[in-house]
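K.L.:
What follows is a structure written as structure tokens; I'll ask about it next.
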Amino acid sequence: MNEHQIAVIPGDGIGREVIPEGVRVLEAVGAKHGIRFKWQEFPWSCDWYQAHGRMCPQDAPEILRKFDAVYFGAVGNPSLVPDHVAVWGLLIDFRRLFAALPARRPQAGRPRLHRGAREHRRRVRQRRRAHL
């Protein structure tokens, strides 16, 4: 049975509501197909920012690199933290670090969109390797 290490970041607002349901669905699918998950939740959010002055710890990228995947909820609570701080302090930085694009939804009748995203990720990885 395969086991996958998944970092879970519910974040703010609706993320805290939908992520637990998503985990439940993935567990059900995994049980049916012989896949196990080991989940580790991180409290990084606007509440974390209020307590620590940052959206996540400075070593968050190193922490997340140890996982097979990151299951990310929602980020932002303008009543606590300005949107540009919340989004750039967590979501955008992680996407850049891991050359990740936003979640893609099925695009019926548009097969080139998927190929374009794959090509974009390949080019981003090549540029990163060239600068190392």
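The values are calculated or read from the model by the stated rules, or taken from the named source; none is laboratory data. This structure is a prediction, so every number in the text was calculated from the model and none was measured. With ideal geometry, Cβ positions are generated from the backbone for all residues, glycine too; neighbour counts draw on all protein chains shown.
K.L.:
Please enumerate the residues belonging to segment 31-64 that are loosely packed, with under 12 Cβ neighbours inside 10 Å and of a type in the set (Lys, Arg).
P.N.:
Lys32, Arg36, Lys38
K.L.:
If I ask for residues that are aromatic (Phe, Trp, Tyr) and touching a helix residue (DSSP H, G or I) at 6+ places or on another chain (Cβ under 8 Å), which ones from segment 56-77 would you list? Show your work before the answer.
P.N.:
First, the residues of segment 56-77 that are aromatic (Phe, Trp, Tyr): 67, 71-72.
Answer for segment 56-77, where residues must be aromatic (Phe, Trp, Tyr) and touching a helix residue (DSSP H, G or I) at 6+ places or on another chain (Cβ under 8 Å): Tyr71, Phe72.
K.L.:
Something else: Taking Val85 as the residue in question, decide whether it is modelled with pLDDT of 80 or more, surrounded by 11 or more Cβ atoms within 10 Å (Cβ to Cβ) and assigned to a loop (DSSP other than H, G, I, E, B).
P.N.:
Details: modelled with pLDDT of 80 or more: yes; surrounded by 11 or more Cβ atoms within 10 Å (Cβ to Cβ): yes; assigned to a loop (DSSP other than H, G, I, E, B): no.
No, not satisfied.
K.L.:
Shifting gears a bit: Give the number of residues within segment 39-60 that are under 16 Å from the mean Cα position of the chain (by Cα) and among the charged types (D, E, K, R). Break it down stepwise before answering.
P.N.:
Step one: filter segment 39-60 for residues under 16 Å from the mean Cα position of the chain (by Cα), giving 39-46, 55-57, 59-60.
Next, from what is left, pick out any that are among the charged types (D, E, K, R): 41, 59.
Residues flagged as under 16 Å from the mean Cα position of the chain (by Cα) and among the charged types (D, E, K, R) within segment 39-60 amount to 2.
K.L.:
Looking at Ile63, Ile92, can you tell me which residue is under 23 Å from Arg128 (Cα atoms), modelled with pLDDT of 90 or more, in the same structural domain as Gly11 (by TED's automatic domain parsing) and within 14 Å of the chain's Cα centre (by Cα)?
P.N.:
Numbers: Ile92 fails: modelled with pLDDT of 90 or more.
Criteria check complete, one pass: Ile63.
K.L.:
Could you list, in sequence order, all residues of segment 95-132 that are among the charged types (D, E, K, R) and at pLDDT 65 or above?
P.N.:
First pass over segment 95-132, keeping only residues among the charged types (D, E, K, R): 95-96, 104-105, 110, 112, 115, 118-119, 121-123, 125, 127-129.
Residues satisfying the conditions are Arg95, Arg96, Arg118, Glu119, Arg121, Arg122, Arg123, Arg125, Arg127, Arg128, Arg129.
K.L.:
Something else: Residue check: is Phe72 in a strand (DSSP E or B), at pLDDT below 95 and surrounded by 18 or more Cβ atoms within 10 Å (Cβ to Cβ)? Talk me through it step by step, then tell me what you get.
P.N.:
On the way: in a strand (DSSP E or B): yes; at pLDDT below 95: yes; surrounded by 18 or more Cβ atoms within 10 Å (Cβ to Cβ): yes.
Yes; evaluated as a whole, the condition is true for this residue.
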